[in-house]
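Structure first, commentary second.
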Amino acid sequence: MRVAFFSVKKYERPFFDDAAAGKGHEIDYIEAPASAATAGLAQGCGAACVFVNDRLDRPAVERLKQAGVGMIALRSAGFNHVDVEAAADLGIALARVPEYSPHAVAEHAVALILTLNRHTHRAFNRVREHDFSIDGLMGFDLHGKTVGCVGTGKIGSVFCRIMTGFGCRVLAADPFVSPDMEKLGVRYVTLDELASSSDIVALHCPLTPATRHVIDRPRLEMMKPGAMLINTSRGGLVDTPALVGALKARRLGGVGLDVYEEEADLFFRDLSEEVIRDDVFARLLTFPNVIVTSHQAFFTREAMTAIAKVSMKNIDDFARGGPGAIDPANAVPLPRRGA
Ligand code: NAI
């Protein structure tokens, strides 16, 4: 089967080439992100493989269908960028990589916490300039602090284990209580209690209509003065203009973001010669206590290997046996009609 891989960067190709070896599929590597405007590039392909900032709204899914695509393989766990209902209406099979390395994302969240807390990014620059002063670099002991984890699924659970290892008291908010997490000593509370009691709030829940702007102005106002907010999940979980307001009011101690609501126009590209036109994002970058990374939490060798392997397996299963052959564990949950 011919497969169109959209949004492919050169560092990804060796992983996909390895995973595809011997399977007999022909891969079209396409640098452009998938959208209604670029879907025609998949002409003659039986499947399309897409990433997190590809825009698969209904017109894009319709154009993929017209191009001959019968299956969309997501190289991600999250599927908020795909009109799942449109794919179901058009009879296009969807598969994802539900888990590739929860450690990669949880460890990146911890990297953001440690960097913000101990200012290692600033220390690195100072020392290279032979400035060996430590003014302004004071942090706090993580030991004994309260960490709030929103979402204790695969990534959140790993994150809770790591933070417990630091000697933190861990609170969690999740509609599903995990007995394993409770055994670990994690205490489930309401989101409001988590927001108001935590020194560090970390978001590890998916973006859904219910979780959009789960961190909004009132929740930011509830947070402890000087608290830290970490978001490695999806940008839409945070109301960014409200976050900028809280930072301007000096109410937050630090903010670590690997995702941003409008990241599709920014991330995964070198814009160093361009003008950033998004004023909210540009303002965010001016705060000394904000670290933004461009959606790289997943980016480890182990995760890339797993993403390529599972994506190719999903494609191969579909090529051999149609939608019914896709591992149900990798299927994208269908929207509940009328819900
Ligand atoms: P998961 O499905 O294993 O866990 C998500 C958890 O969130 C579940 O326990 C669920 O019950 C909980 N949840 C749902 N609604 C909630 C709410 N309203 N309040 C609190 N908790 C709620 O997902 P996993 O694998 O842990 O991934 C979490 C998210 O991380 C993904 O949805 C994705 O958006 C993001 N992610 C980010 C990556 C990055 O590179 N930055 C890479 C991979 C995932």
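The values are calculated or read from the model by the stated rules, or taken from the named source; none is laboratory data. All figures in this text were calculated on a predicted structure; none of them were measured in a lab. Neighbour counts are summed over all protein chains in view; Cβ atoms, including those assigned to glycine, are modelled from backbone coordinates with ideal geometry. Ligands, DNA and RNA are stripped out before the accessible areas are found, and what is left, the full protein with its side chains, is counted by its heavy atoms. Shrake-Rupley method; radii C 1.70, N 1.55, O 1.52, S 1.80 Å.
Things worth noting here:
- The criterion of at least 3 residues that are open to solvent by less than 10 Å² (accessible area, probe 1.4 Å) and at pLDDT 95 or above is met, among strands (runs of 3 or more DSSP E) falling completely within segment 37-152, by 47-50, 71-74, 146-150.
- Residue match in segment 268-291 (condition: hydrophobic (A, V, I, L, M, F, W, C), in contact (Cβ under 8 Å) with a residue 40 or more places away in the chain and open to solvent by less than 10 Å² (accessible area, probe 1.4 Å)): yes
- Within segment 154-178, the only residue that satisfies the criterion of being part of a loop (DSSP other than H, G, I, E, B) and open to solvent by less than 20 Å² (accessible area, probe 1.4 Å) is 168.
- Within segment 174-182, one or more residues are of a type in the set (A, V, I, L, M) and either within 12 Å of the ligand (Cβ to nearest atom) or under 15 Å from the mean Cα position of the chain (by Cα) (or both).
- Any hit, segment 236-254, residues being assigned to a loop (DSSP other than H, G, I, E, B), touching a Phe, Trp or Tyr at 6+ places or on another chain (Cβ under 9 Å), in contact (Cβ under 8 Å) with a residue 12 or more places away in the chain and under 28 Å from residue 104 (Cα atoms): no
- Failed item in (1) under 20 Å from the mean Cα position of the chain (by Cα); (2) open to solvent by less than 40 Å² (accessible area, probe 1.4 Å), with residue 189 passing the rest: (1)
- Hits in segment 194-206 - residues which are at pLDDT 95 or above and within 13 Å of the ligand (Cβ to nearest atom): 194, 195, 201, 202, 203, 204, 205
- Scanning segment 162-194 for residues that are over 26 Å from residue 210 (Cβ atoms) and without any contact (Cβ under 8 Å) to a residue 24 or more places away in the chain gives 164, 165, 183, 185.
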